[in-house]
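Okay, so here's the structure we're looking at.
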Amino acid sequence: MNKLIRTLSVAVLVVIPSALASPAWAETPVVADAPPIVYLTFQHEQSGKCLDGSVGQGVRLNNCNGGRYQQWRVDTKDGTTRLRNRIGGECLDGSVGQGVRLNTCNGSSYQKWVINSDSKAIPHVQSQLCLDGSVGQGVRLNTCNGSSYQKWSH
């Protein structure tokens, strides 16, 4: 009997401290009306390839493969969108002098885009140019003209 009580005491002492150390409710912060995290893949309608943010390769069109390099977190605020690459966590950044690239997310106007579901264009807020996937030119900013080079499905 004494052996049984000692065994149960040890078992209880092992279980209770681990349960108190990390209660399930403490790991999940409560945020009222938090928007869901959405990841989209953008397929270039003219080429059929996907917007890819591969580390070391920059932003490019690549065969669609469902990989995390081709998944973009859509953060919408103030009517504009920031596109954050799932694998590296960097944002799609566009400037006339630097082109389209991945850069540390900083909330600047260079990282603000509008996803226009009607025209399928993705205009860049700061430059008023569109995300363009012209063959031979790569992914770049170009004057919005409604061409298939500027249409993206998601």
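The values are calculated or read from the model by the stated rules, or taken from the named source; none is laboratory data. Predicted, not measured: the structure shown is a model, and the values here were computed from it. Note that each Cβ is placed from the backbone with ideal geometry, even for glycine, and that neighbours are counted across all protein chains shown.
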So if I check each of Val55, Val74, which one is in contact with a Leu (Cβ under 9 Å, 6 or more places away or on another chain), under 20 Å from Pro36 (Cβ atoms) and among the aliphatic types (A, V, I, L, M)?
Val74
So Glu90, is it of a type in the set (Asp, Glu) and closer than 24 Å to Val135 by Cα
no
Mind counting the residues in segment 26-44 that are of a type outside the set (S, T, N, Q), in a loop (DSSP other than H, G, I, E, B) and either at pLDDT below 95 or farther than 26 Å from Cys130 by Cα (or both)?
10
Subset of segment 126-145 (residues that are in a loop (DSSP other than H, G, I, E, B) and closer than 18 Å to Lys49 by Cα):
Gly133, Ser134, Val135, Gly136, Gln137, Gly138, Val139
Would you check which residues across segment 96-110 are farther than 18 Å from Val55 by Cα and buried (at least 18 other Cβ atoms within 10 Å of the Cβ) and list them?
Tyr110
Restricting to segment 145-154, name every residue that is at negative phi, surrounded by fewer than 19 Cβ atoms within 10 Å (Cβ to Cβ) and without any contact (Cβ under 8 Å) to a residue 60 or more places away in the chain.
Asn145
Subset of segment 100-134 (residues that are of a type in the set (Val, Ile, Thr), touching a helix residue (DSSP H, G or I) at 6+ places or on another chain (Cβ under 8 Å) and within 17 Å of His44 (Cβ to Cβ))
Ile122
